[in-house]
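Contents: one structure, followed by commentary.
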Amino acid sequence: SHSVLQHVSRAEFLETLREIRRVMRFDGMSSHWVDLTDCLGGALNNLRFSTPLWESAVMAESGFYTNRIRYSEMLVLFREAGFEAEVIAIKRWDCLPTPRSKLSDSFKALSDEDLCVRGFHVLLRPL
């Protein structure tokens, strides 16, 4: 997939990964490019909103929804779904593109290292 996983709703993300795992052969592999930038300006503007507002039906139907799952959390979810994840490329910002003070409280505590990942390419293989 290319820029698909970030558009799967947070509520359906793990279930979607588990379904991919279920239909994959034991020796299969999938390749995914995940874009963690917002669809509003290529920064982290999507992290400015509270979770209840962002996960509301209005936002989900807006055309610019992303699940806001960050890089480190996504790696955990891949494993939880039954995959070994091999990250083969990472794109990073040199510094935060959106000031930390503008982020919603649920994202302010994340490390710069995690927030500065703007996208990555990952290969998923069954565990």
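The values are calculated or read from the model by the stated rules, or taken from the named source; none is laboratory data. Not measured: the values here are computed from a predicted model. Please note: Cβ atoms are built from the backbone with ideal geometry, for glycine as well, and neighbour counts cover all protein chains shown.
The residue that is surrounded by the most Cβ atoms within 10 Å (Cβ to Cβ), counting only those in region 54-75 that are at pLDDT below 95 and of a type in the set (A, V, I, L, M, F, W, C), is Trp54.
Taken over region 113-127, the residue count meeting the criterion of being out of contact with any strand residue (DSSP E or B) (no Cβ under 8 Å at 6 or more places or on another chain), surrounded by 11 or more Cβ atoms within 10 Å (Cβ to Cβ) and over 13 Å from Asn46 (Cα atoms) is 1. Taking region 12-28 as the range and being part of a helix (DSSP H, G or I) and surrounded by 11 or more Cβ atoms within 10 Å (Cβ to Cβ) as the test, the residues that pass are Glu12, Phe13, Leu14, Glu15, Thr16, Leu17, Arg18, Glu19, Ile20, Arg21. The single condition from (1) in contact (Cβ under 8 Å) with a residue 24 or more places away in the chain; (2) loosely packed, with under 13 Cβ neighbours inside 10 Å; (3) part of a loop (DSSP other than H, G, I, E, B) that Cys39 fails is (2).
Note on region 11-20: residues that are touching a residue at least 12 places away in the same chain (Cβ under 8 Å) and more than 22 Å from Ala89 (Cβ to Cβ) total 3. Note on region 69-127: residues that are in contact (Cβ under 8 Å) with a residue 12 or more places away in the chain, under 27 Å from Met24 (Cβ atoms) and in a helix (DSSP H, G or I) total 8.
Taking region 43-85 as the range and being aromatic (Phe, Trp, Tyr) and under 11 Å from Leu14 (Cβ atoms) as the test, only Phe78 passes.
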